[in-house]
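**Student:** I'd like to ask some things about the structure below.
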Amino acid sequence: MQYNRFSAFAAGLFLLLSGFRGPGKPPARTAYADIIYIGGRILTIDSANSLAEALAVKDGRIEAIGQAAVVRKLKGPATRVIDLRGKTLLPGFIDGHSHIMEFDPGAYVNLGSPPMGPIKDIPGIVAALRQFKEVHHIKPGEWINGYGYDQDQLAEKRHPQKEDLDAAFPDNPVGITNINGHMLVVNSFALRISGIDSSTANPPGGFIVRKPGTREPTGLLQEHASYLLKIAPVKEKTLPERLAGLKQKEEYYASFGVTTAQDGYSSLASVDLLEKAADSNLLIIDIDALPGYPILDKLLANPYYSFNTYKNHLKLAGFKLISDGSPQGRTAFFTEPYTTQLPGDTAGYRGFPNFTQLQLNEAVIKGFRNHVQVYVHCNGDAAIDRYIRAVENADSVLGTSSLDRRPVVIHAQFTRPDQLDKYKELGFLPSFFTNHTFFWGDVHIRNLGKDRAFFSSPVKAALDKQIVFTNHSDFPVTPINPLFILWSSVNRESRSGVTIGPGQRLTPQEGLRALTINGAYEYFEEKSKGSLEKGKLADLVILSDDPTTTDPEKIKDIKVLETIKEGKTVYKRS
């Protein structure tokens with residue numbers, strides 16, 4: 001038989017193209033998708049805000065997105081084809097700032113006012129604390145803790161005082177933390193065991209509120225004054241109990257479509273628990289942890305802890321420092337005085353900083369020098385001025401540029417127009433807090449005047465200057481729900497119905513970018529998540545309606561139907 005070189009070549013080419021690899025060799029990887037989504041509105045949040053007809057997922061990443069006829073070609077025998085039935089698919093929500101590890105409802109009484117809780121007056125606070133004591137069989141001498149009271153929503157329109165708590169709790173120390181997280185009220189028992197009395201000086205960065213004309217504490221401790229309390233150690237939960245609690249936290253976030261969460265001021269205990277969960281591959285969504293500045297040196301000195309790289313869904317993304325306080329709590333630091341005056345205020349009261357300029361300078365230099373992203377809580381414009389100066393100083397001392405470091409201004413609520421220019425110049429990323437326009441917009445008008453209140457969280461002004469920004473909940477301060485955040489950025493409606501800064505409203509499309517692709521940018525992850533594009537992680541959320549076409553007033557009522565992390569469903573509405 002005559003040997004035909006062309007036939008041999010053709011046979012070899014056929015075997016090569018068909019994936020033949022010889023005896024015992026694994027078959028070639030198929031190009032078929034694991035899942036194809038069709039039949040709904042697919043918001044890509046890409047640079048053009050494109051709409052797509054179909055999306056294919058393979059090995060946890062987006063294999064293809066575009067026209068249904070093209071994407072359907074990736075359907076194989078094992079491909080699951082999911083009909084969205086007109087629902088909306090978009091990128092999973094990326095949390096700009098919250099405190100996932102602080103969410104522990106079993107450890108404290110919920111003292112929030114509607115919609116955060118049921119409390120309407122101070123007697124309601126006392127009743128809730130009494131019930132908690134009975135249910136949990138709290139013994140004399142043991143602490144009773146509550147969280148979330150909001151003095152502006154109470155019928156009395158004031159903070160509780162120690163006397164409000166003393167009669168009901170003569171034998172227990174009681175501490176109730178304000179919704180803003182920057183102050184708390186304690187009873188006389190707690191003051192006594194902590195040695196806090198009329199002779200106690202205010203600590204640096206803190207303030208003991210006194211009764212008018214005296215030095216007697218009212219029970220209200222602001223900012224660092226809470227560090228004076230002698231808190232008895234709480235009975236330690238077992239590791240399985242703590243891991244089970246962490247899973248509940250993740251599932252709660254996932255139920256709102258969040259695929260990347262933040263822990264906005266991690267303690268060493270929280271970091272260690274997260275590390276243990278990651279080591280055991282137990283995390284179901286990405287968690288970007290920001291250790292508090294006081295523990296940064298300890299983490300940097302130990303090679304077990306590493307920043308900037310994910311390990312089984314956990315990343316130490318930076319560190320956080322709290323520069324000032326709360327605007328509604330009147331501890332945020334401003335250049336101009338508050339327009340209201342309370343007993344104990346000094347003339348021209350402007351709030352106060354928690355750290356000196358020198359301390360802030362040192363913190364920023366340490367972050368830049370160690371390639372650790374810097375996150376600083378700044379509400380008032382005076383606090384923002386200090387952060388800007390600290391970054392300029394670090395650039396000068398280190399001879400580098402902050403443009404590629406993305407220093408984050410957490411809250412950035414009362415940013416002035418000239419400070420926006422500095423954000424652009426220095427590469428700052430503000431993480432705004434438009435939920436405040438609903439929860440405390442009316443309070444800001446009263447405490448700060450209409451001009452400042454209406455320019456709070458100036459998202460539209462930042463957008464006009466092409467500044468990348470995110471938007472957040474600060475949960476548990478306000479609801480984690482990204483659709484409520486989106487509603488607040490589009491409507492900026494206060495509790496009383498006032499539009500807090502009509503000129504700062506966003507379109508739904510603009511607001512969505514702050515919760516998705518801009519969130520990815522905040523964490524240096526814009527190449528892997530935040531939009532629906534080929535090669536990115538299949539972090540997805542399915543919504544009952546399209547936020548870009550829904551009546552703006554109804555955006556907050558849209559439901560999350562399913563949350564998908566890297567192609568796997570981590571939440572499905574029953």
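**Student:** Of the residues in the stretch 59-96, how many are under 26 Å from E522 (Cα atoms) and part of a strand (DSSP E or B)? Write out each step before concluding.
**Tutor:** Going residue by residue through the stretch 59-96, those that are under 26 Å from E522 (Cα atoms) are 59-65, 88-96.
Subsequent filtering for residues that are part of a strand (DSSP E or B) retains 61-65, 88-91, 93-94.
Counting residues in the stretch 59-96 that are under 26 Å from E522 (Cα atoms) and part of a strand (DSSP E or B) gives 11.
**Student:** Ok, one more. Has the stretch 224-237 got at least one residue that is modelled with pLDDT of 95 or more, in contact with a Ser or Thr (Cβ under 7 Å, 6 or more places away or on another chain) and buried (at least 16 other Cβ atoms within 10 Å of the Cβ)? Don't jump to the end; show me each part of the working.
**Tutor:** Filtering the stretch 224-237 down to residues modelled with pLDDT of 95 or more leaves none.
Taking every residue of the stretch 224-237 in turn, none turns out to be modelled with pLDDT of 95 or more, in contact with a Ser or Thr (Cβ under 7 Å, 6 or more places away or on another chain) and buried (at least 16 other Cβ atoms within 10 Å of the Cβ).
**Student:** Out of the residues in the stretch 323-355 that are in contact (Cβ under 8 Å) with a residue 60 or more places away in the chain and of a type in the set (A, V, I, L, M, F, W, C), state the one that is nearest to L296 (Cα to Cα).
**Tutor:** Only one residue fits best here, namely F355.
Residues checked against (1) farther than 30 Å from G264 by Cβ; (2) surrounded by fewer than 23 Cβ atoms within 10 Å (Cβ to Cβ); (3) out of contact with any Cys (no Cβ under 6 Å at 6 or more places or on another chain):
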position	(1), (2), (3)
G148	no, yes, yes
P160	no, no, yes
F169	yes, yes, yes
T177	no, yes, yes
A190	no, no, yes
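**Student:** A further question on this structure: Among the residues of the stretch 137-172, write down those that are of a type in the set (D, E) and not in a loop (DSSP other than H, G, I, E, B). Walk me through it before giving the result.
**Tutor:** Step one: filter the stretch 137-172 for residues of a type in the set (D, E), giving 142, 150, 152, 156, 163-164, 166, 171.
Listed by number, the residues that qualify are D152, E163, D164, D166.
**Student:** Take the conditions without any contact (Cβ under 8 Å) to a residue 24 or more places away in the chain and of a type in the set (V, I, T) and apply them to T415. Does it pass? Walk me through how you get there before you give the answer.
**Tutor:** Values: without any contact (Cβ under 8 Å) to a residue 24 or more places away in the chain: no; of a type in the set (V, I, T): yes.
Here the answer is no, as T415 does not meet what is asked.
**Student:** Residues being over 18 Å from A363 (Cα atoms), out of contact with any helix residue (DSSP H, G or I) (no Cβ under 8 Å at 6 or more places or on another chain) and not in a loop (DSSP other than H, G, I, E, B): count how many of those fall in the stretch 292-342.
**Tutor:** Total satisfying the criteria: 1.
**Student:** Hey, another quick one. If you check G292 against the conditions, is it on the phi < 0 side of the Ramachandran plot, under 17 Å from the mean Cα position of the chain (by Cα), without any contact (Cβ under 8 Å) to a residue 40 or more places away in the chain and not assigned by TED's automatic domain parsing to the domain that holds L154? Can you show your working first?
**Tutor:** On the way: on the phi < 0 side of the Ramachandran plot: yes; under 17 Å from the mean Cα position of the chain (by Cα): yes; without any contact (Cβ under 8 Å) to a residue 40 or more places away in the chain: yes; not assigned by TED's automatic domain parsing to the domain that holds L154: yes.
In short, yes.
**Student:** Do we find that P476 is modelled with pLDDT under 95 and either of a type in the set (V, I, T) or touching a helix residue (DSSP H, G or I) at 6+ places or on another chain (Cβ under 8 Å) (or both) in this structure? Quick ask: steps written out before the conclusion?
**Tutor:** Working: modelled with pLDDT under 95: yes; either of a type in the set (V, I, T) or touching a helix residue (DSSP H, G or I) at 6+ places or on another chain (Cβ under 8 Å) (or both): yes.
When the stated conditions are applied, P476 passes them.
**Student:** Let me ask something else about it. Given the conditions (1) small (G, A, S); (2) closer than 30 Å to A520 by Cα; (3) at pLDDT below 95, which single one is not true for G219?
**Tutor:** All conditions are met except number (2).
**Student:** Taking the options T200, T214, T259, name whichever one is β-branched (V, I, T) and either assigned to a helix (DSSP H, G or I) or buried (at least 18 other Cβ atoms within 10 Å of the Cβ) (or both). Show your work before the answer.
**Tutor:** On the way: T200 fails: either assigned to a helix (DSSP H, G or I) or buried (at least 18 other Cβ atoms within 10 Å of the Cβ) (or both); T214 fails: either assigned to a helix (DSSP H, G or I) or buried (at least 18 other Cβ atoms within 10 Å of the Cβ) (or both).
One residue alone meets the criteria, T259.
**Student:** Out of D545, D551, D539, I need the residue that is of a type in the set (D, E), surrounded by 21 or more Cβ atoms within 10 Å (Cβ to Cβ) and farther than 28 Å from I179 by Cα. Which one?
**Tutor:** On the way: D545 fails: surrounded by 21 or more Cβ atoms within 10 Å (Cβ to Cβ); D551 fails: surrounded by 21 or more Cβ atoms within 10 Å (Cβ to Cβ).
Only one candidate qualifies: D539.
The values are calculated or read from the model by the stated rules, or taken from the named source; none is laboratory data. Remember, predicted model here, so these are calculated numbers, not experimental data. Note that we place each Cβ from the backbone using ideal geometry, even for glycine, and neighbour counts take in every protein chain shown.
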